[in-house]
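Have a look at the structure below before the remarks.
The values are calculated or read from the model by the stated rules, or taken from the named source; none is laboratory data. Everything quoted here is computed from the prediction, not taken from an experiment. Cβ sites come from the backbone with ideal geometry, for glycine too, and all protein chains shown count toward neighbours.
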Amino acid sequence: VQLQASGGGLVQAGGSLRLSCVASGRTFSTYAMAWFRQAPGKEREFVAVITNNWSGGRTYYADSVKGRFTISKGNAENTLYLQMNSLKPEDTAVYYCAADVRRSNYAIPSYEYWGQGTQVTVSS
């Protein structure tokens, strides 16, 4: 199983980026898929999750990104997106996609599968 994240970059505050994560090796419709981020010197933190199809494909967000970020899946179920709008300097971090069969505790970073991370830098 592999997760490949991309789409990071340097953007000014107020700008937008769209992250992508391509999953391979398994049918991910049965997995919760999430985005986490980790800033230098800080712990990895939950950003957003989309639950598996059995759980209704619901979305949950960290309070810090609610209303600005949108998580979604592609039609083929093996691609995960994170649309990030109104970016702030405090959003600067390495962003990771993750997948797991869990149906609860989505914010705990103990997912089974992880992508390699993509750097997002927001300048003020």
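Quick notes on this structure:
- Looking across the range 29-84 at every residue that is in a strand (DSSP E or B) and small (G, A, S), the one that is nearest to D100 (Cα to Cα) is identified as A32.
- Hits in the range 55-107 (condition: among the hydrophobic types (A, V, I, L, M, F, W, C) and surrounded by 19 or more Cβ atoms within 10 Å (Cβ to Cβ)): V65, F69, I71, L80, L82, M84, L87, A93, C97, A98, A99
- Only a single criterion out of (1) more than 16 Å from G117 (Cβ to Cβ); (2) surrounded by 14 or more Cβ atoms within 10 Å (Cβ to Cβ); (3) among the aromatic types (F, W, Y) is not satisfied by F46, namely (1).
- Residue count for the range 18-40 satisfying the condition of being farther than 20 Å from N78 by Cα and at pLDDT 95 or above: 3.
- Residue within the range 45-60 that is more than 15 Å from the chain's Cα centre (by Cα) and closer than 16 Å to G8 by Cβ present: no
- Members of the range 86-124 found to be in contact (Cβ under 8 Å) with a residue 12 or more places away in the chain, in a loop (DSSP other than H, G, I, E, B) and more than 14 Å from the chain's Cα centre (by Cα), listed by number: S86, L87, K88, V101, R102, R103, E112, S124
- Answer from T92, T70 - the residue that is modelled with pLDDT of 95 or more and over 23 Å from F28 (Cα atoms): T92
- Scanning the range 1-33 for residues that are surrounded by fewer than 14 Cβ atoms within 10 Å (Cβ to Cβ) and among the hydroxyl-bearing types (S, T, Y) yields S16, S24, T27, T30.
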